[in-house]
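What follows draws every value from the coordinates through simple rules; no lab data is involved. Computed from a predicted structure; not experimentally measured. Virtual Cβ from ideal backbone geometry, glycine too; neighbours counted across all protein chains shown.
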Amino acid sequence: MIPDVVVVIVTYNSAPMIEGLLDSLGPALDGLSADVVVVDNGSSDATVQLARARADCRVVEAQNDGYSAGINRGVRSAGSGGDIVILNPDVRMDPGSIRVLLRALGEPAVGVSAPRVRSADGGLHHSLRRDPTLLRALGLSRLRRPVFSEHVQEDSAYQAAHDVDWALGAVLAVSRRCWDAVGPWDESFFLYSEETDFCLRARELGFRVRYEPAAGAVHIGAQSGQSDTIHTMQILNRVRLYRRRNGVLPSSGYFVATVLSELSWVARGHRQSRAAVAALLRPHRRPAQLMCADSLIPR
């Protein structure tokens, strides 16, 4: 029997988080049938044991080839049926939220839907994003002008349902039709920018990315940590994404803008940005998982 939805959760040392998410799924599904797949990327804690002890999910164990690789494994393991909901383990879904996200996928040409996300303290989490551009790479989002900010920071933008450029990948629903047309998530990013890439590719094929505030979720956040390596991956992958979609000249400008932005954070005492600048300017300092040390402007 084909389930209504395939729920894919990628875990990595997620023992403190995974049970809370799984507990929230029953009410969130609101009667929908689901194949809940926990893809564990080589955890060394009790994540696998905790998930295997439950009857409401199944576990796929894998080596850590990155977040996209985990998502792709989960979808492949589920076969060809059902729309797909992708969740971080540090998320808690509101009752009925998955049903609402799937209903949004039923609107004409909608291929991806995203909920209204709240932080752990209950406040609005600005989870919507605009397309990456050269001006938005300058690090001037504090000016709160859309032309300078990839982050959608205006609270008013989170009140009503509307189409968006892309949304953070902590909670995303993808129609099976969209998934089959766009193809799997790009595993070369390893971590970060993969949801941006998927949403942009979906839109290029005519699919809409829909924000649906009637669906809600809490994102506890910070599970992946704030290490130098994590921040460096974020920054490098933004440049890589832009480079793959633009020519050499605009990509060079984007690279320079990113370096200047990170230097401004270094001046403000942001230690992780120091590591990012080093990796940008010295390719051999880049995380090996990204495999992008062969040129100054990473691809």
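Magnitude of the charge dipole for the chain, about its Cα centre and with charges confined to Cβ atoms of Lys, Arg (+1) and Asp, Glu (-1), is about 1080 debye.
Relative to the longest principal axis of the chain, what angle (0 to 90°, nearest 10) does the C-alpha long axis of helix 271-281 take? Once rounded, one gets 70 degrees.
For region 228-290, the dipole from Cβ point charges (+1 on Lys and Arg, -1 on Asp and Glu) about the Cα centre works out to 120 debye, to the nearest 20.
If both residues of a DSSP beta bridge must be in the chain, then about 35% of such bridges are antiparallel. Helix 194-204 and the long axis of the chain differ in direction by around 80°, with both axes built from C-alpha atoms. Each Lys and Arg Cβ is given +1 and each Asp and Glu Cβ -1; about its Cα centre, region 113-251 then shows a dipole of about 340 debye. Summing +1 for each Lys or Arg and -1 for each Asp or Glu among the other residues whose beta-carbon sits under 13 angstrom from that of residue 144 gives +1.
Computed from phi, the 3J(HN,Hα) profile of region 286-294 under the Karplus parametrisation 6.51, -1.76, 1.60 (θ = phi - 60°) reads 7, x, 4, 4, 7, 6, 9, 9, 9 Hz, with x in place of Gly and Pro. A Förster radius of 35 Å, combined with the Cβ-Cβ distance separating residue 161 from residue 289, puts the computed FRET efficiency at roughly 0.45. When the chain is described by a simple charge dipole with +1 on each Lys and Arg Cβ and -1 on each Asp and Glu Cβ, the residue from 160, 193, 173 located farthest towards its positive end is 193. Treating r as the C-beta distance of residue 245 and residue 49 and R0 as 51 Å, the FRET efficiency rounds to 0.75.
Computed extension gain for residue 228 through residue 4, at 0.36 nm per residue and net of the alpha carbon distance, reaches 76.6 nm. Can you give me the C-alpha center-to-center distance between region 51-73 and region 241-291, rounded to a whole angstrom? If you average the Cα positions of each part, the centres end up 31 Å apart. With θ taken as phi - 60° and the Karplus curve 6.51 cos²θ - 1.76 cosθ + 1.60 applied, the whole-hertz 3J(HN,Hα) list for region 127-144 is 9, 8, 9, 9, 4, x, 9, 4, 5, 6, 8, 6, x, 9, 4, 5, 6, 6 Hz, x standing for glycine and proline. Net charge in the neighbourhood of residue 41 (other residues with Cβ under 13 Å of its Cβ; Lys, Arg +1, Asp, Glu -1) is -4. Positive-end ranking of 111, 293, 50 along the dipole of the chain, with charges on Cβ about the Cα centre, is headed by 293. Summing +1 for each Lys or Arg and -1 for each Asp or Glu among the other residues whose beta-carbon sits under 12 angstrom from that of residue 272 gives +1.
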